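The values are calculated or read from the model by the stated rules, or taken from the named source; none is laboratory data. Everything quoted here is computed from the prediction, not taken from an experiment. Note that each Cβ is placed from the backbone with ideal geometry, even for glycine, and that neighbours are counted across all protein chains shown. What goes into the accessible areas is simple: the full protein's heavy atoms, side chains included, and nothing from ligands, DNA or RNA. Shrake-Rupley method; radii C 1.70, N 1.55, O 1.52, S 1.80 Å.
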Amino acid sequence: MNPIRFATPPRHEAAEALRHDVRAFLHDRLAHVPPIRRADSWTGVDKDFTRAMGARGWLGMTWPRCYGGHERSAFERYVVMEETLAAGAPVGAHWIGDRQSGPTLLKFGTEAQRRAVLPRIAAGQAMFCIGMSEPDSGSDLAATRTSARRTAQGWRINGTKVWTTGAHQSDYMILFCRTSGTPADRHAGTSQLLIDLHATPGIAIRPIIDLAGQHHFNEVHFDDALAPLDALIGQEGDGWNQVMSELAFERSGPERFLSSMQLIVELIAVLGKGHGDLTRAAIGRLSAHLIILRRRSRGVAAMLDAGENPALHAAIVKDLGAVFEQSVPDIARGLIDAEPDLAARADYNAVLAKIVMNAPSWSLRGGTREILRGIIARGLGVRG
Ligand SMILES: Cc1cc2nc3c(=O)[nH]c(=O)nc-3n(C[C@H](O)[C@H](O)[C@H](O)COP(=O)(O)OP(=O)(O)OC[C@H]3O[C@@H](n4cnc5c(N)ncnc54)[C@H](O)[C@@H]3O)c2cc1C
């Protein structure tokens, strides 16, 4: 078996100095946001908040200045992400662009795409969605059916994407599709296109309402949609390698273990002081898990900073992070006998309901538990 080691993340003085500024900003900005909305951090879309983040230089932080970035370290970006998520800030209008679409364009996009789009993401003015999953192709992404055919007028696109978070509010999608061959060709013949959702005729976006009654998912239908030929990202037919690199960005950060943070905050507030040994042990164990996950996740930031590929390490953090996030509601219910109720006046009960209804999805999004464990097994050398 191959051992998998995580680098010990160094203390980063500039990042710690930045933490103070980010906390002060969030303290003011979120002063009147109730816990139930803070529990929505991921799906909370507040374009004013996102523009304010951009104005402070807290989006596109590691990108070159010529593309609107700020040439800061992965550790500084990490601090901004963990502070915003821990505070329950509405990151929905920028996290996809900042975390994965922007880095994908930086790595594979044409110079024209980088110059046109990256400064807008960094300013908090362009929201992105991810066009990967399809009705018959989720884990098995290589079975993608959505096709884009090269014509004299541009790419003719037909097919359906599903579970597309935020498509109805987004400006752009990075579309994973087939530009030649058939689904039987698997990885060969796939490409990525940059789709301007406002300027592409033939796209219909339909809502999917989730278990908690929220609209953040969508179905996106392409019916002879026409995108310009220069929408191609990177090399035609190299979509599989590109999309795997994009997924490594998607799986690496603190967002993979902070989804139930608001419940931890409310739980500790309700428990107060003076509880018995069992309660103290449960909170101590939660804190210890959180600290270890954070250390591992910062190890991934160290790899990103050193220009290394963190795909395997990111899969480990995401899998362990989902186990942790999903365990929090059960631990909370073991400590406090309270009914989860979205409409409850008590913050704890309402946040508990929100987290209970959202938690099942955390081991699906960005790659399911089984798929991640397959990647980890391969990294350990125990699977061919
Ligand atoms: C909150 C959330 C947000 C999402 N946002 C987006 C988005 O913005 N854009 C987007 O494109 N997609 C998005 N998705 C979709 C997500 O990527 C898919 O749900 C996921 O990849 C699984 O695909 P599927 O739903 O088709 O399930 P399937 O692939 O059908 O899997 C069903 C079950 O079978 C298991 N399974 C499948 N293949 C194997 C295998 N080879 N070995 C062992 N077990 C296997 C899976 O682990 C799972 O338990 C989102 C999903 C969620 C929950």
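Shape call for the stretch 264-384 from the C-alpha gyration tensor, a ≥ b ≥ c root eigenvalues: rounded (a/c under 1.5), prolate (a/b greater than b/c) or oblate?
Verdict is prolate for the stretch 264-384.
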Choose one answer from Asp341, Asp48, Asp277: the residue with the largest mean-square fluctuation in a GNM of the chain with alpha-carbon springs under 10 Å. Asp277
Distance in nm between label sites at Glu13 and Asp277, each 7 Å beyond Cα in the beta-carbon direction? 4.5 nm
For the stretch 274-384, dividing by residue count, accessible area per residue (probe 1.4 Å) in Å² works out to 51 Å²
Alpha carbon centroid spacing (whole Å) that separates the stretch 304-357 from the stretch 25-101: 20 Å
Calculated FRET efficiency for the pair Leu211/Asp48, C-beta based, R₀ 30 Å, to 0.05: 0.60
What are the residues whose amide H is under 5 Å from the amide H of Cys129, where those residues sit 5 or more places off or on another chain and H is modelled from the backbone? Tyr172, Met173, Ile174
From the Cα gyration tensor of the stretch 19-70, with a ≥ b ≥ c the square roots of its eigenvalues, which class applies: rounded if a/c is under 1.5, or else prolate if a/b is larger than b/c, or else oblate? prolate
What do you get for the angle between helix 347-358 and the principal long axis of the chain? Use alpha-carbon atoms, 0 to 90 degrees, nearest ten. 40 degrees
State, to one decimal in nm, how far the label point of Gln153 lies from the label point of Arg23, with both points 7 Å from Cα in the Cβ direction. 5.7 nm
Separation between the Arg295 and Asp330 pseudo-spin-labels, each 7 Å from Cα along Cα→Cβ, expressed in nm? 2.4 nm
Most fluctuating residue given options Leu226, Leu197, Leu278, as computed from a GNM of the chain linking Cα atoms under 10 Å: Leu278
Per q in 0.09, 0.10 Å⁻¹, report the Debye log10 I(q)/I(0) for the chain, using one uniform scatterer on each alpha carbon and no solvent. -0.53, -0.66
